[in-house]
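The structure's right below; bear with me while I get my questions together.
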Amino acid sequence: MISKYDLSMIRSALIIVPHPDDEINVAGGLFETLQANGIYTSVAICTNGDHVPEFTAKRIREAQKAQRIFKYQELIFLGYGDGYRGTHIYDSKEGDAVESYCGKKETYCAGNTKEYCCSKTGKHHSYIRGNYKKDIKALINEKKADLIVCVDLDKHSDHKCVSLLFDECMGEILKRDCNYRPIILKAFAYNGVWFGPYDYFDTILKQTSIKLSAGDTIEEKCFPYNWEDRIRIRNSRNISTLYYWKNPIFKALLAHRTQSDYYKLRYCALQFFPKIANPDSCYWYRSPYNIVLYSQITVSSGDGHYLNDFMLAKPKNAINDILPINSEGWSPDINDKEPTIEIAFPRQICLKEIKIYQNYNSARGIIKIQLEGKDEMEYLCTNDNVQKIAIPSVLTQKLFLQFVSGGHIIINEIECYESNSDFPWQDVPFSKYEHRVVQRNMILAKSADFSYRIFIRSIKLFSKWKAILNKGGNNRKNSVISLE
């Protein structure tokens, strides 16, 4: 008999997130499928979640409790700070040490656990950008996971930091190690999750969607991707059951009790549950087979290194920048009347697809495409973040791109493939989500929603009551001290 384990090429998975509880938003719908297929799963949490210092040890224990709920095999802490005083670690100058909000200057881990670098070398790492990157890179190289899932470019500076450092590391690893080609997925922890509609208890089961405010566009919220390019993985029935108390996402959120201290944090994480849990999980696939990574790039002007570094966006400042507005990329000089990119492939290839990741503010226009020894083709850019161009199957060793536009051009990345860059569904144990209308029992849905709202209200009231008691206790303590 063939086991489920034998049906997949994936033997191990690595989930990389910034804070304790982000593993729920990024991979909460995957854990059950991973474990059902015998896939050894490691979760790496990059910070200690110590923005509120008195929560630190509790947050470590809560992450361990959530691990038992999701039943994955390994929990790793990198031990970096949850936010930094002054300059963020991502924006710091090379070699400069920074200090976290809770006053730490080097990696650590609360309780009886050791952070990643200390467990491997016996030493703590100073809060230096290079050390953070070194630890992420060492972790990837050690695990050599078949599947890697990492947080993407959310608004939170720690989320952006982890996403960008991961992309830096992955680009370097793929360029140097020709034998390691993992399946790479990126996921927003906010868009479509915390920033999604309250629809879990709807009478018609709803797929994941991004909640847009007035003036928002899906292209901006989804930057640097196209929304229609998302990979939609079908979650198990346990993720969409109306018996929410049985849902592993609900139970994991409940395990992270410090994140429901409403009067300490001014939010209750559990109240986001109806936005997080959906019948599908959404990701964006980052193919490791981009030939441009190993190619020689020559540009008519500007800095061409942005075009093949695996990074789809790079903010000038991780804390303050809103990525779609202030992302760096290849930009030709203003006097360059015929901006061109020449890509010399390491060998003759049969080119079939080109992907051009444009900056959100880049001027759209015409792209002239020419393969070595072939006729020129023209492509009219759309407003999409990613321009996907199908190429007739011809052998070539050079590609020429010329941009004709009436404005400023900014290109973040170029990818070229010898076959299509679609997600390899045949290599994973996941099922593709196909949306269909599922009508649920209205009375059961309304009753579940009502009981859930009462439960959340009780948590907030309990949190308020606890805050009042603590305040009263402090006042009594201060009174005794003053009398002495």
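The values are calculated or read from the model by the stated rules, or taken from the named source; none is laboratory data. Fair warning: this is a prediction, and the values are worked out from it, not measured in the lab. Positions of Cβ are backbone-derived with ideal geometry, glycine not excepted, and every protein chain shown enters the neighbour counts. Side chains included, ligands, DNA and RNA excluded: accessible areas come from the protein's heavy atoms. Shrake-Rupley method; radii C 1.70, N 1.55, O 1.52, S 1.80 Å.
Check whether at least one residue in the range 407-417 is at pLDDT below 95 and exposed (fewer than 12 other Cβ atoms within 10 Å of the Cβ), and report yes or no.
Among the residues of the range 407-417, at least one is at pLDDT below 95 and exposed (fewer than 12 other Cβ atoms within 10 Å of the Cβ), which makes the answer yes.
Among the listed residues Glu372, Glu378, which satisfies the condition of being touching a Lys or Arg at 6+ places or on another chain (Cβ under 6 Å) and free of Cβ contacts under 8 Å to residues at least 24 places away in the same chain?
Glu378
In the range 58-105, how many are open to solvent by less than 30 Å² (accessible area, probe 1.4 Å), hydroxyl-bearing (Ser, Thr, Tyr) and farther than 20 Å from His124 by Cβ?
So the count comes out to 1.
Here's a follow-up. Give all pairs with beta carbons closer than 6 Å in which a residue from the range 383-410 that is without any contact (Cβ under 8 Å) to a residue 60 or more places away in the chain meets a residue that is among the hydroxyl-bearing types (Ser, Thr, Tyr); count only pairs at least 6 apart in sequence or on separate chains.
Every condition considered, the pairs that remain are Ile389/Tyr379.
List every residue pair whose Cβ atoms lie under 7 Å apart, where the two residues are 6 or more positions apart in sequence or sit on different chains, the first residue falls within the range 309-323 and is part of a loop (DSSP other than H, G, I, E, B), and the second residue, located anywhere, is at pLDDT below 80 and surrounded by 21 or more Cβ atoms within 10 Å (Cβ to Cβ).
Partner pairs satisfying both residue conditions: Ala313/Leu323.
Also, I was wondering about something else. Identify, by number, the condition in (1) under 16 Å from the mean Cα position of the chain (by Cα); (2) over 29 Å from Ala145 (Cβ atoms) that Gly192 doesn't meet.
It is condition (2) that Gly192 fails.
Checking Arg181 against (1) farther than 30 Å from Asp216 by Cα; (2) open to solvent by less than 40 Å² (accessible area, probe 1.4 Å); (3) among the charged types (D, E, K, R): exactly one of these is not met. Which one?
(2)
Just for the range 141-176: of the residues that are polar (S, T, N, Q) and either at pLDDT 95 or above or farther than 18 Å from Pro224 by Cβ (or both), which one is farthest from the chain's Cα centre (by Cα)?
Within the range 141-176, the match that is farthest from the chain's Cα centre (by Cα) is Asn141.
Residues in the range 206-257 that are closer than 27 Å to Asp167 by Cα, among the aromatic types (Phe, Trp, Tyr) and in a loop (DSSP other than H, G, I, E, B): how many?
Residues in the range 206-257 being closer than 27 Å to Asp167 by Cα, among the aromatic types (Phe, Trp, Tyr) and in a loop (DSSP other than H, G, I, E, B): 2 in total.
Based on what the data block shows, is Cys46 surrounded by fewer than 23 Cβ atoms within 10 Å (Cβ to Cβ) and in contact with a strand residue (DSSP E or B) (Cβ under 9 Å, 6 or more places away or on another chain)?
When the stated conditions are applied, Cys46 does not pass them.
Within the range 188-200, does at least one residue satisfy the condition of being closer than 21 Å to Ala63 by Cβ and of a type in the set (S, T, N, Q)?
So far as the range 188-200 goes, no, none of its residues is closer than 21 Å to Ala63 by Cβ and of a type in the set (S, T, N, Q).
For every residue, the table says whether it meets (1) open to solvent by less than 10 Å² (accessible area, probe 1.4 Å); (2) at pLDDT 95 or above; (3) of a type in the set (D, E, K, R).
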site: Asn326; (1), (2), (3): no, no, no
site: Lys337; (1), (2), (3): no, no, yes
site: Ile354; (1), (2), (3): yes, yes, no
site: Arg364; (1), (2), (3): no, no, yes
site: Gln370; (1), (2), (3): no, no, no
site: Thr382; (1), (2), (3): no, no, no
site: Pro392; (1), (2), (3): no, no, no
site: Leu395; (1), (2), (3): no, no, no
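Does Asp261 satisfy the condition of being charged (D, E, K, R) and under 30 Å from Lys374 (Cα atoms)?
So Asp261 fails the test.
Which numbered condition trips up Gly130, out of (1) under 23 Å from Tyr360 (Cα atoms); (2) open to solvent by 40 Å² or more (accessible area, probe 1.4 Å); (3) in contact (Cβ under 8 Å) with a residue 12 or more places away in the chain; (4) of a type in the set (Gly, Ala, Ser)?
(1)
What tally of residues in the range 49-77 results from selecting those that are in contact (Cβ under 8 Å) with a residue 12 or more places away in the chain and either basic (Lys, Arg) or at positive phi (or both)?
6
State the number of residues belonging to the range 419-428 that are surrounded by fewer than 19 Cβ atoms within 10 Å (Cβ to Cβ) and either of a type outside the set (Gly, Ala, Ser) or farther than 16 Å from Pro288 by Cβ (or both).
6
Also: For a quick check of your reading of the model, give me the residue pairs whose first member lies in the range 210-234 and is closer than 15 Å to Asp422 by Cβ, whose second is of a type in the set (Asp, Glu), with beta-carbon atoms closer than 8 Å and at least 6 apart or on different chains.
Asn226/Glu219; Asn226/Asp384; Arg232/Asp280; Ile233/Asp280
Within the range 256-270, restricting attention to residues that are more than 9 Å from Ile459 (Cα to Cα) and of a type in the set (D, E, K, R), which residue is surrounded by the fewest Cβ atoms within 10 Å (Cβ to Cβ)?
It comes out as Arg266.
So, Ile69, is that one under 21 Å from Ile136 (Cα atoms), at pLDDT 95 or above and aliphatic (A, V, I, L, M) or not?
Here the answer is no, as Ile69 does not meet what is asked.
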